[in-house]
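Here is the structure we will look at, set down as structure tokens.
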Amino acid sequence: MDIANFEFNALHLPSPIEEIFDECWNSKGIQVFVKRDDLIHPIISGNKWRKLKNYLQTFSFSTHSGLLSFGGAYSNHLYALAFAGHSLGIPTVGIIRGEELTTGSNAFLSQMNDWGMQLHFISRTVYRSKTIPLEYEKYAVIAEGGFGELAIQGMEILVDELPACDLIYTAVGTGATAIGIAKHSETSVIGVLTLNNRSEIESHSLPTNLSIEDAYVFGKYAKQNDELDLFCAEFHLQHRISIEPIYTGRMFYALFDHIKNGHIAPNTKLVAIHTGGVK
Ligand SMILES: Cc1ncc(COP(=O)(O)O)c(C=O)c1O
């Protein structure tokens, strides 16, 4: 299937946009809209499609043997790539951190294997060097987490789908999503860090309309946190939208805190990007 047909038949694009309500902000005339990229697809949801699309599209004009990327044993990025490759007939390779693992180690890996992704398990030390095994040298490489110029470019279409607004909030992992949104928009973007990687993010040339918010990392990346878990559960109860504590939970927590603390001017129109990640 080609990309255009796949988008038309399998993906929910453009993704919907929904307003969410709360006395806390409605009383100040602040409006909060959620861009529901989580609804694009159950597997290539949120920013995964936005980040991968250009890699998949470019592949069809290239002489590469397939697409290769890196990740851990539970990488959503690799999972999405494996599914996209399977759907579009593109060979994929996943270089997985952990030489002790096998295709049977967890349901994620075995599903990726079933979709035809070649899984290559390497030690954490070799993984850090991001060396491409010789047998895959003809594969186009997508960096860990999908970061790259093509991923950043992929945000242009997302920005085109957004309504006019005063401020955009999005979660930051590798930074591709936030950088891409800011690059293609004239609106101010708040990128909420989900791990302590400010210096790494700032080593990229950041658009001047992107501000990095680092006060909501909540300690170690992905470590379970009761406050965030409770926040996500309450958010779901109130707004009927699922969020998870690693990315969108932190982003919405920051957004709500900014409103509560008076950092957002009255009558501001905000858009929060739901970048997916909910299983
Ligand atoms: C659900 C979700 N939201 C946000 C992000 C952060 O995106 P980026 O790596 O482009 O900063 C990720 C990581 O890919 C993610 O899985």
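No value in this document is a laboratory result; all are computed from the given coordinates. This is a predicted model, so every value here is computed, not measured. Please note: Cβ atoms are built from the backbone with ideal geometry, for glycine as well, and neighbour counts cover all protein chains shown.
Across the chain, where is the longest run that never hits chymotrypsin sites (Phe, Trp or Tyr not before Pro) in a DSSP loop with at most 14 other C-beta atoms within 10 Å? List each step's numbers first, then the result.
Values: sites that count: F21, F61, Y74, Y221.
By the stated rule (loop sites, at most 14 other Cβ atoms within 10 Å), 75-220.
For the chain, what number of Lys pairs, 8 or more residues apart or on separate chains, have alpha-carbon atoms under 23 Å from each other?
For the chain, the number of qualifying lysine pairs is 26.
Could you tell me the convex hull volume per residue, in Å³, taken over the Cα atoms of the range 158-227? Please report the intermediate quantities before stating the final value.
Working: hull volume 7.0 nm³, N = 70.
Per residue, the Cα convex hull of the range 158-227 comes to 100 Å³.
What is the Cα radius of gyration of the chain over 2.2 N^0.38 Å, N being its residue count? Write out the running numbers ahead of the final one.
Numbers: Rg = 18.8 Å, N = 279, 2.2 N^0.38 = 18.7 Å.
Compactness ratio reported: 1.01.
Measure nothing but the geometry: give the 0 to 90° angle between the long axis through the Cα atoms of 76-88 and the longest principal axis through the Cα atoms of the chain, rounded to 10°.
Between helix and principal axis, roughly 60 degrees.
If I stretch the segment between F61 and A233 completely, what's the gain in nm (0.36 nm per residue apart, minus their alpha carbon distance), one decimal? Working shown, then result.
Working: separation 172, 0.36 × 172 = 61.92 nm, distance 4.46 nm.
Additional length available on full extension: 57.5 nm.
Hey, can you grab everything whose amide H is under 5 Å from the amide H of L119? Only 5+ residues off in sequence or another chain; H modelled, so Pro and N-termini drop out.
G94
Positive end of the charge dipole of the range 112-253 (Lys, Arg +1 and Asp, Glu -1 on Cβ, about the Cα centre): tell me which of I212, V126, L237 has its Cα farthest that way.
The listed residue farthest towards the positive side: V126.
Between E200, E213, E161, find the one with the highest GNM mean-square fluctuation for the chain; connect C-alpha pairs within less than 10 Å.
Of the options given, E200 has the highest mean-square fluctuation.
Using a Förster radius of 22 Å, what is the FRET efficiency between E161 and F21 based on their Cβ-Cβ separation? Nearest 0.05, please. Please report the intermediate quantities before stating the final value.
On the way: r = 22 Å, r/R0 = 0.99.
Here the calculated transfer efficiency is 0.50.
Tell me, what HN-Hα J-couplings in whole Hz come from the Karplus equation 6.51 cos²θ - 1.76 cosθ + 1.60 at θ = phi - 60° for each residue of the range 26-31, using x for Gly and Pro?
5, 5, 9, x, 7, 10
Assign unit charges at the C-beta atoms only (+1 for Lys and Arg, -1 for Asp and Glu), then state the dipole size of the range 65-138 relative to its Cα centre in Debye, rounded to the nearest 20.
Numbers: 5 positive and 5 negative charges, 50 e Å.
I would put it at about 240 debye.
In which sequence would I243, I95, I132, I90 go, from the one with the fewest C-beta neighbours within 10 Å to the one with the most?
Values: I243 28, I95 23, I132 16, I90 19.
Ranked by crowding around the Cβ, least crowded first: I132, I90, I95, I243.
So how long is each side of the range 65-138 along the principal axes, counting just the alpha-carbon atoms, biggest first, in Å?
Projected onto the principal axes, the Cα atoms of the range 65-138 cover 32, 28, 17 Å.
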